[in-house]
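The values are calculated or read from the model by the stated rules, or taken from the named source; none is laboratory data. None of the values given here were measured: they were computed from a predicted structure. Glycine also receives a Cβ, built like all others from the backbone with ideal geometry; neighbour counts cover every protein chain displayed. Just the protein is used for accessible areas: all its heavy atoms, side chains included, with ligands, DNA and RNA removed. Shrake-Rupley method; radii C 1.70, N 1.55, O 1.52, S 1.80 Å.
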Amino acid sequence: MPRLVMKFGGTSVANLDRIKRVAKRVGVEVAKGYEVIVVVSAMSGKTNELVGWVNETSALYDAREYDAVVSSGENVTAGLLALVLQENGIEARSWQGWQVPVKTSSAHSAARIEEIPTDNFDAKFSAGMQVAVVAGFQGISPEGRITTLGRGGSDTTAVAFAAAHSAERCDIYTDVDGVYTTDPRVTRKARKLDAIAFEEMLELASLGAKVLQTRSVELAMRYKVRLRVLSSFEEMSDNAGTLVCDEEDIMESNVVAGVAFSRDEAKMTLVSVADRPGVSAAIFGPLADAGVNVDMIVQNIAEDGRTDMTFSLPVDQVARAEKAMAEAKDSGDINFHDLIADTEVSKVSVVGIGMRSHAGVAAKMFEALSAEGVNIKVITTSEIKISVLIDRKYMELAVQALHDAFELETA
Ligand code: ADP
Ligand code: ASP
Ligand code: MG
């Protein structure tokens with residue numbers, strides 16, 4: 001029998017009523033003859049609460065215990081959904097990550113799925129199981145400890161199961177009815193896309209569009225998983241939502257597909273560092289060792305053998321970065337006059353594969369921002385995206401201005 005993966009996010013399983021609605025949807029697919037693997041998130045708000053408890057308990061927490069705590073929300077929803085399905089007369093069983101087992105790396109709180117053996121489910125489906133309800137976001141390390149896959153990781157659990165089981169489709173049910181030209185919560189003019197190319201979705205996700213976890217898109221692209229994003233609150237239909245697919249399968253596409261943003265960014269400048277070979281390595285090496293995710297980097301023109309080095313990073317990593325730089329200065333590895341941190345910035349990006357063959361996208365982007373009086377602090381580009389760092393207070397305005405400038409509402 002064909003297999004289907006259905007994933008339900010936090011808002012879709014937020015309470016018992018919603019879990020019952022999810023069970024109805026699953027029942028519809030079972031009735032069509034699918035062997036269904038359902039991946040569930042924790043109830044909305046639950047993971048935040050668990051993370052909060054860990055932070056409150058211990059500032060320098062043990063990552064293994066963090067995972068033990070924050071993975072637990074998914075266990076509850078998996079068990080509850082299995083119970084409701086059983087009430088509906090469906091042969092369902094819940095599975096925690098270690099029981100499958102979802103084998104991951106040991107990188108606690110950001111583990112990568114390495115293997116999902118299928119023999120376990122194959123045997124159970126053959127023996128009459130109709131639905132396997134899997135707790136998303138979690139797995140087991142080679143050392144036998146529980147791991148989690150990073151925030152939003154249930155998307156990745158779902159796609160990984162779809163790939164491992166050669167599922168006909170992987171349906172990601174969420175609280176919006178598909179992938180939009182930008183977050184529909186920022187502008188009402190955002191337009192739902194019927195289809196989006198893997199590359200574009202990958203960029204949008206990694207630049208902040210949290211509708212899919214970046215790693216899930218990477219896996220779907222690599223293993224050619226038919227991935228669909230759709231609402232768990234609307235009528236079911238075969239062509240609902242947004243299909244994430246190969247570029248060649250999209251009939252028409254715009255130069256710019258969408259606008260993404262990442263609100264909580266920071267900018268740090270090392271003022272007056274020596275301009276000599278090895279200085280970048282001396283700065284970014286210790287930052288990497290401290291687990292700081294540096295994103296954009298700019299180096300100013302050197303004068304008198306000295307230069308300023310500016311980079312962006314997530315705002316919650318500023319303290320860690322300052323400590324790493326202070327230590328590197330103390331040990332004499334680098335020398336700078338001052339370290340300035342701006343914690344009130346956001347990153348806004350435009351993404352589109354059409355940029356490969358169209359000139360002028362950057363100019364249009366900068367004009368639209370300047371018309372709104374938005375100052376650009378740092379710029380980076382790649383083949384299919386342009387990102388700018390701006391003051392956080394202008395973030396929504398910038399997203400709206402770019403959405404208008406690239407005519408995404410009507411395109
Ligand atoms: P779930 O709990 O179902 O995993 P998430 O909150 O992780 O849901 O992701 C869905 C949210 O992603 C939407 O509510 C929306 O605010 C946000 N989002 C950001 N960018 C986009 C986009 N381009 N298209 C659709 N939703 C987006
Ligand atoms: N519950 C986890 C989170 O909130 C994983 C997920 O929902 O995808 O990040
Ligand atoms: Mg999510």
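Things worth noting here:
- Pair list, Cβ < 9 Å and 6+ apart or interchain, from the range 82-95 residues that are under 16 Å from residue 16 (Cβ atoms) and open to solvent by less than 20 Å² (accessible area, probe 1.4 Å) to residues that are of a type in the set (Lys, Arg) and in a loop (DSSP other than H, G, I, E, B): none
- Considering (1) open to solvent by 10 Å² or more (accessible area, probe 1.4 Å); (2) more than 16 Å from ligand 2 (Cβ to nearest atom); (3) among the hydroxyl-bearing types (Ser, Thr, Tyr), the lone condition that residue 109 does not fulfil carries the number (2).
- Qualifying positions in the range 385-411 - open to solvent by 10 Å² or more (accessible area, probe 1.4 Å), of a type in the set (A, V, I, L, M) and in a loop (DSSP other than H, G, I, E, B): 411
- Scan the range 275-309 for residues that are in a strand (DSSP E or B) and either touching a Leu at 6+ places or on another chain (Cβ under 9 Å) or open to solvent by less than 20 Å² (accessible area, probe 1.4 Å) (or both) and the total you get is 3.
- The set of residues in the range 111-155 that are among the aliphatic types (A, V, I, L, M) and either in contact (Cβ under 8 Å) with a residue 24 or more places away in the chain or assigned to a strand (DSSP E or B) (or both) comprises 111, 113, 116, 129, 131, 132, 133, 134, 135, 140, 146, 149.
- Unmet criterion (only one of (1) within 16 Å of ligand 2 (Cβ to nearest atom); (2) at negative phi; (3) touching a Ser or Thr at 6+ places or on another chain (Cβ under 7 Å)) for residue 143: (1)
- Within the range 1-48, if we keep just the residues that are under 14 Å from residue 130 (Cβ atoms), open to solvent by 40 Å² or more (accessible area, probe 1.4 Å) and in contact (Cβ under 8 Å) with a residue 40 or more places away in the chain, the residue that is farthest from ligand 3 (Cβ to nearest atom) turns out to be 1.
- Residue count for the range 223-255 under the criterion of being in a helix (DSSP H, G or I) and touching a residue at least 24 places away in the same chain (Cβ under 8 Å): the result is 3.
- In the range 346-371, the residues that are under 24 Å from residue 311 (Cβ atoms) form Cβ pairs under 6 Å with partners that are basic (Lys, Arg) and surrounded by 15 or more Cβ atoms within 10 Å (Cβ to Cβ), at six or more places apart or across chains, as follows: 346/392; 349/385; 351/385.
- Some residue of the range 182-200 being of a type in the set (Ser, Thr, Tyr), under 30 Å from residue 131 (Cβ atoms) and away from ligand 2 (no atom under 16 Å from the Cβ): no
- Qualifying residues in the range 139-152 (those that are in contact with a strand residue (DSSP E or B) (Cβ under 8 Å, 6 or more places away or on another chain) and within 19 Å of residue 211 (Cα to Cα)) - the one nearest to ligand 1 (Cβ to nearest atom): 149
- Hits in the range 344-373 - residues which are open to solvent by less than 70 Å² (accessible area, probe 1.4 Å) and either in a strand (DSSP E or B) or under 18 Å from residue 264 (Cβ atoms) (or both): 345, 346, 347, 348, 349, 350, 351
- The listed residue being farther than 16 Å from residue 408 by Cβ, open to solvent by 10 Å² or more (accessible area, probe 1.4 Å), within 16 Å of ligand 3 (Cβ to nearest atom) and modelled with pLDDT of 95 or more, out of 128, 150: 150
- The single residue among 232, 166 that is more than 16 Å from ligand 2 (Cβ to nearest atom) and not β-branched (Val, Ile, Thr) turns out to be 166.
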